[in-house]
Amino acid sequence: MHDVARAAGVSQRTVSNVVNNYEFVRPETRRRVLEAMAALGYVPNAAARSLRAARTGLIALVVPDFRARFFADLAGVVVREAEAHGYTVLIELTGSERERELKVLGGGRNQLTDGAIMAALTLKPDDGLHRRPDYPMVLVGDQVLDPPVHHVGTPNRQAALAVVRYLTGLGRRRLMLLGYAPEGKVTARQRTQGFLEGLAEAGLSAHEELLVHADWTRPGGQQAIEQHLDAGLPMPDAIFAMNDSLALGALRGLRSRGIRVPREIALVGFDDAEEARYSTPSLTTVSPDVNALARTAVAMLHEQITGKASGLEPYILVDFELKVRESSQ
């Protein structure tokens, strides 16, 4: 850095300001410093800078897996937003294992990263006690911890209620909930609550035969629908699948049994996976604002890492949109 300063005719402090991309450097001065760096082959030592700043420039994105397209979409946006703040993202998959999620919450790998954004599925409200307080953390999803951890979520109950209002507004009266899990994770319970509230609001009853258990996967959706139809159980005239994977599997199962979508059964999913736009028919689905979710989570984490207040509340719900496509029209 001393050699660069001498070659550029500036102080060593000015070189440091250019290296750290401080904005209050005159363009001409910045140009001279960059040219001197290039001529001398100077590259900042990332390891030394990390030691000096007590930061690595790395953050973790922790998700269950990538079988649900939502997490892959989330990862893409988090990487983009993190780069804008100067971070590199490391991906960790927990497989929805509780011990692994607790390890992240406790800062088990904090020597490698400056903080973590985690989509947790197994944590319980009082697991906030396991959090290492000096390790920056943002939760993405639906579980709220006590003591509280910064959190960005999707309004699942309200979104499911909007789906039922939409379907009943079309005149559909026999609604199936596919992926029913009353004792399942928070996301499932919230979406179920919204579905049942929507039925009650429309003056409809929740028939037990139309509350269908299924794994939240494409094979799970196809298998559940085919078994329901083959058993001669009551036919729905609309299906709300708890996620798009279920919905796409159900679409395959309905087609295999000669059921026409949407003429006989309207179908709605949740998450707005990319495949939803390209299925035949294209899938009506709830579209959470993934961009806002990732942008807010990264901003929250950056605030904790740097100590620079952003004005964000510690708990934020992002918006959603019901994307109406061919499967319900």
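The values are calculated or read from the model by the stated rules, or taken from the named source; none is laboratory data. What you are looking at is a predicted structure, and each value in this text was computed from that prediction instead of being measured. Cβ atoms come from the backbone with ideal geometry, glycine included; neighbour counts cover every protein chain shown. Surface areas here come from the heavy atoms of the whole protein model, side chains and all, with no ligands, DNA or RNA. Shrake-Rupley method; radii C 1.70, N 1.55, O 1.52, S 1.80 Å.
R260 sits with roughly 120 Å² accessible to a 1.4 Å probe, with DNA, RNA and ligands left out of the calculation.
Each helix, a run of at least 4 DSSP H residues, gives -39500 (n - 2.57); summed and divided by the residues of the chain, these come to -12500 deg cm²/dmol at 222 nm.
Helix 186-201 and the long axis of the chain differ in direction by around 40°, with both axes built from C-alpha atoms.
Of the residues V19, L175, V286, the one whose Cα sits farthest towards the positive end of the charge dipole of the chain is V19 (charges of +1 on Lys and Arg Cβ, -1 on Asp and Glu Cβ, taken about the Cα centre).
Counting only protein heavy atoms and using a 1.4 Å probe, what share of the accessible area of the range 180-242 belongs to carbon plus sulfur, as a whole percent? Could you put the intermediate results ahead of the total?
Details: 1510 of 3170 Å².
Within the range 180-242, the accessible surface is 48 percent carbon and sulfur.
In this view, the solvent-accessible surface of R189, computed with a 1.4 Å probe and all protein chains in place, comes to about 110 Å². Scanning residues 5 or more positions from A238 or on other chains, those with amide H under 5 Å from its amide H are R174, M176, A266, with H placed 1.01 Å from N in the peptide plane.
A 1.4 Å probe run over the protein chains yields, for the chain, 50 Å² of accessible area per residue, whole-number rounding. If the elastic network links every pair of Cα atoms under 10 Å, which of E208, E264, E303 fluctuates the most in the Gaussian network model of the chain? It is E208. Close amide H contacts of Y180 (hydrogens built in the peptide plane, cut-off under 5 Å, sequence separation of 5 or more or a different chain): V212, H213, A214. Applying a DSSP loop filter and a limit of 14 other Cβ atoms within 10 Å to the GluC sites (Glu not before Pro) in the range 126-205 leaves E183.
In a fully extended conformation the segment linking L229 and A38 would gain 61.8 nm over its present Cα-Cα distance, using 0.36 nm per residue.
When K323, K103 are compared by accessible surface with a 1.4 Å probe, the order from highest to lowest is K103, K323.
When each of the peptides 215-224, 241-250 is scored by the mean number of other C-beta atoms lying within 10 Å of its residues, the order from highest to lowest reads 241-250, 215-224.
Karplus-based coupling profile of the range 213-220, in residue order and whole Hz: 6, 6, 5, 7, 9, 5, x, x, with θ = phi - 60° in 6.51 cos²θ - 1.76 cosθ + 1.60 and x standing for Gly or Pro. Here the Gaussian network model covers the chain, with springs between Cα atoms less than 10 Å apart; of F195, F24, F70, F24 fluctuates the most.
Residues whose amide H lies under 5 Å from that of A116, counting only those 5 or more places away or on a different chain, are A60, M137, V138; hydrogens are built 1.01 Å from N in the peptide plane.
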